[in-house]
Amino acid sequence: MITTRQAPLDAAELSARLHALEVPHGCERSFRMASDEFASDRHLISVAIETLGFSAYEIAAELADDLAFPVTHRELLRRSFPLARFIHFGFEGSRDPRNRVHKLYLEFDLDELEPRPGSLIPVHLAVKWSPASRTEPMISRYRRRSGISRREILDRLGSASGSPVVDDAASQIVARAFESDSDFDPFLLEVEDEGTPRRSVDVRLADVELRVGDAADSILAAARSLGIAARRIGAHLESVCLDCLGHLAVGMHRDGRPFLSIHHGVEPALHPSAVRLT
């Protein structure tokens, strides 16, 4: 039985909790660049719901409680959970609990769908909240655009954030993925945060053998345009340059600023220390 506690878990503690429950899970890191901001303290822990067994919802709900999941959104979680194949727990700002943002994503089962070309298919439903703040939790919806061509994806990236340099950087990274694998099947998500200006696109790159270092020139160009010092991001890129790219997100942040996020280093959590907090 999981027991809840008053202080919300951080990423490493949640990974340890899942190990105690003998639940396999994966870990991913990411960094986000926006105007004068570089945020690298971001982690995502992913669990296949079938591995939680017959009490999957009860276990997931108790884990969510241990992250201070908002009571106001519990009914949304309960109602949406039966449609999901995966649950993802996100952490941003893990080093400082006062500024930490927690995220819970449900990823839906798409195997049974036969979408029409051009239609939008719900893929993720996310709730994002700050345990230390009384601000209203946010609901994000991620939808896949079906039947979209490579050219259409690059065109969409080319105007995603309103910043030409940032959009070009994202386009260059995805174009490199296209060039490296002629069989690469692009997977594009369109993202909205309800009640905010946030509009972005997300392209999965995990099926292509590209590393962060392969995209370093494009990332550095975007960083310069956003006013991020080269020394600040350069050291971080050096530390993760061999990590495989998972996906990128580019667009307008909920506060109206252009942003580019790079997700990388997906790995199974073989032991609690696999959630690297450096």
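The values are calculated or read from the model by the stated rules, or taken from the named source; none is laboratory data. This structure is a prediction, so every number in the text was calculated from the model and none was measured. Cβ placement follows ideal geometry from the backbone for every residue including glycine, while neighbour counts extend to all protein chains displayed.
Residue-by-condition table, conditions (1) closer than 20 Å to VAL166 by Cα; (2) in contact with a strand residue (DSSP E or B) (Cβ under 9 Å, 6 or more places away or on another chain); (3) assigned to a loop (DSSP other than H, G, I, E, B):
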site: LEU189; (1), (2), (3): yes, yes, no
site: VAL203; (1), (2), (3): yes, yes, no
site: ASP214; (1), (2), (3): yes, yes, no
site: ALA222; (1), (2), (3): yes, yes, no
site: ILE228; (1), (2), (3): yes, yes, yes
site: ARG231; (1), (2), (3): yes, no, no
site: GLU238; (1), (2), (3): no, no, no
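Give the residue, chosen from ALA20, ALA84, ALA7, ALA12, that is among the aliphatic types (A, V, I, L, M), farther than 21 Å from ARG204 by Cβ and surrounded by 16 or more Cβ atoms within 10 Å (Cβ to Cβ). The conditions single out ALA12.
In the set LEU76, LEU67, LEU63, LEU14, only one residue is out of contact with any helix residue (DSSP H, G or I) (no Cβ under 9 Å at 6 or more places or on another chain) and in contact (Cβ under 8 Å) with a residue 60 or more places away in the chain; that residue is LEU76. Every condition in (1) touching a strand residue (DSSP E or B) at 6+ places or on another chain (Cβ under 6 Å); (2) not in a helix (DSSP H, G or I) is met by VAL166 except one, and the failing one is (2). Taken as a whole, the structure places GLU107 among residues that are among the acidic types (Asp, Glu), modelled with pLDDT of 90 or more and not in a loop (DSSP other than H, G, I, E, B).
For region 211-240, give me the residue count where each residue is on the phi > 0 side of the Ramachandran plot and within 19 Å of the chain's Cα centre (by Cα).
0
If only one of SER30, SER46, SER40 is of a type in the set (Ser, Thr, Tyr), buried (at least 20 other Cβ atoms within 10 Å of the Cβ) and part of a strand (DSSP E or B), which one is it?
Exactly one of SER30, SER46, SER40 is of a type in the set (Ser, Thr, Tyr), buried (at least 20 other Cβ atoms within 10 Å of the Cβ) and part of a strand (DSSP E or B), namely SER30.
All told, ILE262 falls short of being of a type in the set (Val, Ile, Thr) and more than 21 Å from the chain's Cα centre (by Cα).
The set of residues in region 200-257 that are of a type in the set (S, T, N, Q) and within 15 Å of ILE173 (Cα to Cα) contains only SER218.
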